[in-house]
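First comes the structure, then the notes that go with it.
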Amino acid sequence: MHSKQINMKTRTQTILTVSKILAFMGVVGFSILWGSQLLTLVSSFINPEWAKHTYQVDLNLFRVRDSSIGYYTWAMGMTIAVSALKALNWYLVFDLLTKLKLQSPFSMEVEKKLERIAYLLLVVWIAGGFFWKICAYYLLKDTGVQLPVNNSGDEYLFMAGMIYIISQIFKRGIEIQEENQLTV
């Protein structure tokens, strides 16, 4: 029985370590993405031809630039903001995994971080959905340029709901833990 507990604890620690590494990779990946998008935006005003060849450039947005600099700037700004929010979200996950203690996982700090992650995921969903639905509509209406249908980001709404539910379970776990400490 004791060997099984040690094996399970080691397995959990391994999973958390791998998750921490993956979260860090998410931070780096989305940071590079929003940085390159920012570089594309700035360079598109200096040298548009060069900007079309930057990392992960969306050539559809350059069609917008040809029709309306205002819409282009706003669309790129929203795209950069969503990527930056995703990088921030991965940072919060990394921070949570770094500070998580297996001996006492039910803490107010963990619950607050989970709640913050859920709210940030909701903001990512709103910002992404706002851009691709409302901006694309007005862009088509005002300039005739139609952006391709993009992922609306509904998975972020789903994840926000799931993480929020988990944060509430943690909150209840903390309450039970505090009640148990008072009765002992």
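Quick notes on this one:
- The value of relative contact order for segment 11-87, using C-alpha pairs under 8 Å at least six residues apart, is 37 percent.
- Value of [θ]222 nm, deg cm²/dmol, for the chain, DSSP H segments ≥ 4, -39500 (n - 2.57) each, nearest 500: -28000 deg cm²/dmol
- Charged-residue dipole, Cβ positions (Lys, Arg, Asp, Glu), the chain about Cα centre, Debye nearest 20: 420 debye
- The chain, accessible surface, carbon-and-sulfur percent (1.4 angstrom probe): 66 percent
- Structural descriptor for the chain: relative contact order 23 percent, calculated from alpha carbon pairs under 8 angstrom and at least 6 residues apart.
- Centroid-to-centroid, using Cα positions, segment 15-63 and segment 89-107 are 27 Å apart.
- Overall Cα dimensions of segment 90-153, principal axis frame, Å, largest first: 59, 15, 12
- Entry for Rg/Rh (Cα atoms, Kirkwood Rh) (calculated from the structure that is shown) out of (i) 1.13; (ii) 1.05; (iii) 0.97: (i)
- A 1.4 Å probe run over the protein chains yields, for segment 17-92, 54 Å² of accessible area per residue, whole-number rounding.
- Net length available on complete extension from T14 to I169 is 53.4 nm, with 0.36 nm assigned per residue and the Cα-Cα distance removed.
- Rounded FRET efficiency, nearest 0.05, which uses the C-beta distance separating K101 from L140 and R0 of 35 Å: 0.10
- The accessible area of D142, taken with all protein chains in place and a 1.4 Å probe, comes to roughly 90 Å².
The values are calculated or read from the model by the stated rules, or taken from the named source; none is laboratory data. Keep in mind that this is a model prediction, so the values were computed, not measured. As a convention, Cβ positions derive from the backbone with ideal geometry for all residues, glycine included, and neighbour counts pool all protein chains shown. Ligands, DNA and RNA are excluded from the accessible area calculation, which covers all protein heavy atoms including side chains. Shrake-Rupley method; radii C 1.70, N 1.55, O 1.52, S 1.80 Å.
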